[in-house]
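Here, each number is a calculation from the coordinates, and none is a lab measurement. Not measured: the values here are computed from a predicted model. Positions of Cβ are generated from backbone atoms using ideal geometry, with glycine treated the same way; all protein chains shown enter the neighbour counts.
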Amino acid sequence: MDTPALRSAEWSVLVVSLDEKDTLFARDENRFLAPASNMKIATTAAALHFLGPEFRYQTFVFADGPIENGVLRGDLILYGTGDPGISDRFYRDGTEVFESFSKQIADAGITRIEGTVVGDATYFSGPELGPEWDPRDLNEWFAASVSALSFNENIVTLQILPSARLGFPPRIETIPFGFPLDVSNQAETVSGRPRPNLWLDRVEPTARIRVDGEIRQGGSDIWRRLTVPDPAVFAARALREVLISNGIAVRAPERAVHDAAESKITGRESWASRLIDGDEPSLLAHHTSPELLQYLTVLNHESHNLFAESIIKTMGKIVTGEGSFEGGVRAVQVFATSEAGIEEDQIMAVDGSGLSESNRTSAGALVGLLQHVAISDNWDSFVSTLPEAGRRDLRRMYGTRAARNLRAKTGTIDGVSALTGIVTTRDGETLLFSILSNELRSTGAAKRVEDRIGARLADFLRNGAPIS
């Protein structure tokens with residue numbers, strides 16, 4: 001930690017024995033630092049406490065109007081409660097859930113919808129982008145908008161294909177469903193260039209996409225994933241396209257509702273129980289997600305921010321009554337301070353993923369959270385969500401005793417690196433550790449230190465040399 005490459009770094013490190021209840025190493029363990037994705041440790045622990053590993057999301061489709069002779073004389077409302085998993089990650093095809101909806105709608109005798117498909121995202125409230133997220137990140141998959149109604153992880157793929165004619169713009173297609181995006185295509189198809197010199201620029205998710213530069217005729221297509229500007233519209237369009245492909249006509253273009261005052265669902269007393277129990281005559285279709293534990297595994301193994309933020313907003317809705325970033329972080333703070341006994345000045349969350357540079361906590365607080373979960377019924381579930389060293393999702397510490405042993409959550413943002421988790425020593429003792437570093441010139445140098453510490457902990461013997 002004191003090498004020249006890390007001379008300017010700030011550290012907060014703590015290693016304790018879960019078995020012996022003693023501290024093996026501490027360095028500024030209460031220093032308040034940015035944790036990057038180690039904030040997901042707090043999100044995961046709180047979610048297991050408040051929601052439980054078997055929690056499941058519900059998504060509904062119902063009719064806003066009478067059904068007469070196969071015609072729905074009104075809109076079809078697609079109502080989400082925060083499920084981030086309607087994608088090909090959990091299903092054979094990304095539209096499998098919507099295909100099921102289409103079948104259920106057809107089984108209700110509907111062949112035509114006089115209105116449209118309305119994506120209702122009002123179960124959550126407040127901004128869909130996290131507080132103080134870097135504007136430079138907002139086009140990237142890891143900064144997707146967080147909506148109560150999500151599809152395809154709120155990502156659309158642009159495929160850019162060379163034109164068959166020199167001097168002409170390339171063809172641009174969007175996947176899935178040709179989802180409409182505002183694109184200014186200024187690029188040109190050229191000959192001879194071995195590599196494309198082409199770039200995309202978008203100031204923010206709602207802005208026009210500018211495609212410029214050159215692409216070689218006969219060359220490879222270029223693929224780029226972008227966040228969608230409005231996830232609820234995206235989901236509604238996907239369902240509309242599935243309905244049409246299955247022979248159910250939909251008259252009008254899809255639209256979305258974001259204001260609860262305009263929702264036909266949000267605010268209705270006990271609406272969820274009426275729909276699930278089948279007492280609400282307008283219910284047409286219903287989908288139940290996989291268990292939360294599967295989502296938490298995606299959250300930690302892939303450091304997936306959309307899953308983290310969807311879950312934190314869900315906690316906000318259930319614990320505080322406010323399905324927003326603010327409500328969610330209040331729920332995490334309540335768990336950390338009231339349940340886990342962490343001092344209020346040792347954790348300050350502003351989102352659930354750690355993407356914001358304004359999140360703050362300490363190694364001591366993160367280890368304290370681990371200690372609390374370790375004595376709860378959720379410990380085995382919690383540990384199962386953490387990546388294991390030497391495997392696909394934590395490709396580090398190969399050839400050491402930490403491989404296939406140490407399980408930890410990584411964390412990286414600009415100037416920040418972190419690693420928090422558990423490891424078993426050579427004589428079978430379970431250690432909990434957290435390593436946070438800020439003000440880094442090189443996160444790579446910090447990660448090499450983390451790996452050395454992890455390997456040293458795995459090699460530790462109680463009667464051997466002390467950790468230092």
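Order of LEU51, LEU355, LEU299 from fewest to most other C-beta atoms within 10 Å? Each step should come with its number before you reach the end.
On the way: LEU51 19, LEU355 24, LEU299 28.
Final ranking by Cβ density, sparse to dense: LEU51, LEU355, LEU299.
Kindly put ILE413, ILE312 in sequence by how many other C-beta atoms sit within 10 Å of each C-beta, fewest to most. Walk me through the intermediate numbers first.
Details: ILE413 20, ILE312 32.
The order, fewest Cβ neighbours first, is ILE413, ILE312.
Taking the chain as the region of interest, what is the percent of Cα-Cα pairs per 10 angstrom bin, listed from the shortest bin to the one with the maximum distance?
The percentages, shortest bin first, are 4, 19, 25, 22, 17, 9, 3, 0, 0.
Write down the percent of antiparallel bridges among all DSSP beta bridges whose residues are both part of the chain, to the nearest 5.
Roughly 80 percent of the DSSP beta bridges within the chain come out antiparallel.
Neighbouring Cβ atoms within 10 Å as the yardstick, rank MET315, MET39, MET397 fewest first.
Details: MET315 27, MET39 31, MET397 24.
Ascending number of Cβ neighbours within 10 Å: MET397, MET315, MET39.
Per-residue HN-Hα couplings for segment 427-441, Karplus 6.51 cos²θ - 1.76 cosθ + 1.60 at θ = phi - 60°, whole Hz, x for Gly and Pro?
These are the phi-based 3J(HN,Hα) values: 9, x, 8, 8, 10, 10, 8, 8, 10, 10, 9, 10, 6, 8, 7 Hz.
Give the residue list of GluC sites (Glu not before Pro) in segment 360-468 that are DSSP loop and have at most 14 other beta-carbon atoms within 10 angstrom. Mind dumping the intermediate values first?
Values: sites: GLU388, GLU429, GLU439, GLU450; in loops: GLU429, GLU439.
Passing both the DSSP loop test and the Cβ count: GLU439.
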